[in-house]
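The values are calculated or read from the model by the stated rules, or taken from the named source; none is laboratory data. In this text, all values refer to a predicted model and were calculated from it rather than measured experimentally. With ideal geometry, Cβ positions are generated from the backbone for all residues, glycine too; neighbour counts draw on all protein chains shown. Remember, those area values only see protein heavy atoms, side chains included, never the ligands or the DNA or RNA. Shrake-Rupley method; radii C 1.70, N 1.55, O 1.52, S 1.80 Å.
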Amino acid sequence: MNSLFRRLAASMVAAIVCTAGANAAGPVRTPNVEAELVPATSAAVPGQPLTVALRIKHRDGWHTYWRNPGDSGLPTTIEWKLPAGWTAGEIEWPTPHALPVGPLVNHGYEGEILLPVAIAVPRDVAAGEAKIAARADWLVCKETCIPEGADLDLALPVSASAGAHPKWGAAIDAARAASPRPLAGWTVTATGEGPRVKLALTPPPGTPDPGKVHFFPYDERRIEPSSPQKLAREGDAHVLTLPVAYQLAPGFTRVAGVITASAGFGGAVKAATLDVPLSGSIVAGPKPAEAPPPALLPPRQANAVPMSLALAALLAFVGGMILNLMPCVLPVLSIKVLGFAEHHDSKATMRREGLWYGAGVVLTVLALAAALLALRAAGEELGWGFQLQSPGVVSALAVLFFVLALNLSGVFEFGQLAPASVRGWTAKNRTLDAFGSGILAVVVASPCTAPFMGAALGFALAQPPAETLAVFIALGLGMALPYVALAWFPAWRRVLPRPGAWMVRFKQFLAFPLYATVAWLAWVLGAQLDVDAMLRLAVLLVAVAFALWAWHASRTGGSRVWKVAAIAAAAAALVVAKPLATAEPGPVSSADASTGATAGHWTPYTPAKLAQLAAGGPVFVDFTAAWCVTCQVNKRLVLTDPSIVSAFGQRKVTLMRADWTRRDPDITRALAALGRNGVPVYVLYRPGQEPLLLPEVLTTTIVHDALATLGGPALALSENPR
């Protein structure tokens with residue numbers, strides 16, 4: 001949970017942030033903070049390090065954040081603009097405080113603080129005046145969280161020598177002296193014991209009891225901030241038991257951070273740093289009880305009602321039913337339903353097949369959900385559709401859809417690929433065939449999402465495992481219902497037309513949605529990798545098609561040459577497929593193929609950029625992916641509509657696109673903070689108001705209505721709003 005709410009806290013823009021330039025004459029004042037750059041010495045000396053601190057004085061009751069903000073928040077950042085040859089180091093963070101906010105615990109500062117930074121001054125700096133500038137950004141919170149920032153500058157003389165600055169020199173020296181230093185004289189070990197880490201601190205002989213001890217980890221998603229840390233005495237050692245993070249990040253091999261002691265570690269040292277290797281083994285800890293305060297609640301959703309387990313299950317059930325109408329699934333389901341018109345089995349046989357089909361659907365959905373939960377528990381930041389962020393999975397699905405389409409087109413029959421003994425066995429075990437069809441239906445449905453699923457699955461994945469799986473079961477039941485209902489109620493099958501030559505043509509027609517899906521998946525692969533990957537996939541599909549055609553020829557009276565040709569083509573397909581199976585997506589570009597817009601119109605998403613832009617005006621964020629069908633429909637029919645483009649411009653709305661085609665932890669965390677774990681998601685960030693979460697299926701009317709909440713002159717709707 002360490003960073004689950006971090007992105008949300010950054011996006012809770014409750015007021016327009018005041019940013020202003022400053023000079024050496026005085027500090028910059030925002031509604032909640034007074035900030036300025038202050039020097040430790042009265043001048044900069046060539047060849048000697050110069051310390052400049054960012055001074056932040058908080059309004060009473062407000063706070064900013066440490067380098068690891070805890071359960072929520074964002075650390076303060078400084079972007080320096082220095083003379084040529086000057087370089088700035090990292091912030092020398094003062095000892096943080098634990099700041100309880102309801103059930104959450106954050107790490108940060110109140111009152112007045114100094115954040116010192118060492119700046120290297122070149123030896124060849126000429127005498128005169130040096131101008132130092134910086135852009136400082138911080139998140140300041142009380143009941144609400146507001147991103148603020150300021151452009152700061154400082155003019156210092158350059159001279160051969162310099163003394164302490166008369167106003168700030170002593171204060172900065174004191175701040176640096178109080179900063180945590182490595183814990184000296186103590187022996188420290190860290191041992192992982194499942195969901196806990198035992199930190200054993202053995203003092204030198206004669207050291208008094210340290211009192212209350214607390215550990216602040218440097219990195220997020222290592223130690224759970226809001227869970228208690230328990231101190232016990234074991235022999236000579238003081239053992240601090242640390243709870244492992246609920247959303248554990250991978251690579252937790254060292255315990256590094258700041259440790260504080262109310263009575264000190266000997267002498268006047270009450271805070272120290274430590275960095276020790278972690279032995280033993282760990283697993284993600286249990287999810288803490290949470291009830292976020294109003295400032296950290298998800299954005300308001302247009303026309304939304306409070307989500308509950310029952311409502312989430314109902315929405316997932318309806319979404320599962322709608323999945324059957326998606327172009328990925330409809331051809332497979334149609335073929336199964338047409339089987340009712342061809343076969344005249346007993347009621348018991350049809351009902352048994354229907355139940356086995358339903359079991360295949362539900363168990364496969366559960367297996368996918370369990371895999372998602374297991375990977376998330378292992379520290380992976382994943383959401384619904386995670387499998388489609390892998391080029392190997394996308395390529396495999398493209399091949400699967402292509403093979404199914406070739407079968408429907410009549411290029412080959414599946415039964416001809418297997419030996420007669422296997423065909424005979426499967427004919428006698430139709431329940432197994434029905435179960436396999438259920439598995440296939442879920443597999444082919446994986447590239448598709450349906451309305452209502454996003455909110456339901458986002459809610460489900462934030463709940464305990466039992467409730468999560470219950471929502472996924474509802475999804476599977478909804479998807480299985482149409483076929484199971486037709487299998488159990490023969491009277492409903494009377495609406496099906498009688499068998500005839502039309503069925504052959506209809507089966508062939510159903511191949512074309514699958515061919516279209518293959519073309520779309522090839523485009524997704526190109527967005528994840530490059531155009532060469534699309535060519536490689538095309539060659540792979542040609543090899544697969546030839547192999548199936550040649551094998552069909554060999555099984556229907558052709559010579560052995562065709563069988564050899566089929567085997568050779570299959571081997572060539574494997575060679576071509578190997579690079580696709582092992583490929584890793586590259587970095588997201590500013591003009592990604594999946595966005596359909598250049599960087600000049602849509603700004604690529606980063607949490608820091610969103611916080612900066614939302615501070616200055618409205619921002620519309622499109623969480624999307626190339627493999628999301630609903631995303632592409634919304635983009636083509638609504639977001640590129642001339643009336644919407646014009647409305648965005650008139651309202652001066654900044655457009656930002658969070659492209660999740662490739663795996664992106666920042667986007668995954670942002671979705672989770674919004675109560676979602678899949679795309680599409682659309683959010684309108686409004687200065688002075690809570691952000692507005694739009695429905696997953698957009699119309700021009702919905703977007704116009706959302707923009708109308710920004711105030712200002714009314715904008716005309718398009719003549720034919722969709």
(message) Given a 1.4 angstrom probe, what's the average accessible area per residue across region 59-130, in square angstrom?
(response) 45 Å²
(message) I'd like to compare 527-540, 641-654: which one has the highest average count of other Cβ atoms within 10 Å, and what's the full order after that?
(response) 527-540, 641-654
(message) Through the Karplus equation 6.51 cos²θ - 1.76 cosθ + 1.60, θ set to phi - 60°, convert the phi angles of region 89-98 into ³J(HN,Hα) values in whole Hz; use x for Gly and Pro.
(response) x, 7, 5, 8, 5, x, 4, x, 10, 7
(message) Please list, ordered by chain and number, the residues whose modelled amide H lies under 5 Å from the amide H of residue 121; skip anything fewer than 5 residues away on the same chain.
(response) 47, 48, 50
(message) Set the bar at 22 Å for Cα to Cα. Now go through 230/270; 507/563; 81/142; 230/287 and name every pair that lies beyond it.
(response) 507/563; 81/142
(request) Mind grabbing the accessible area of residue 198 for me, 1.4 Å probe, Å², rounded to tens? (result) 60 Å²
(message) If you count only protein heavy atoms and use a 1.4 Å probe, how large is the accessible surface of residue 356, to the nearest 10 Å²?
(response) 110 Å²
(request) Rank these residues by their accessible area, most exposed first, probe 1.4 Å: 489, 402, 506, 623. (result) 489, 506, 402, 623
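What part of the accessible area of region 199-246, given as a whole %, is carbon or sulfur when the probe is 1.4 angstrom?
52 percent
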(message) Can you sort 355, 475 by solvent-accessible area, 1.4 Å probe, largest first?
(response) 355, 475
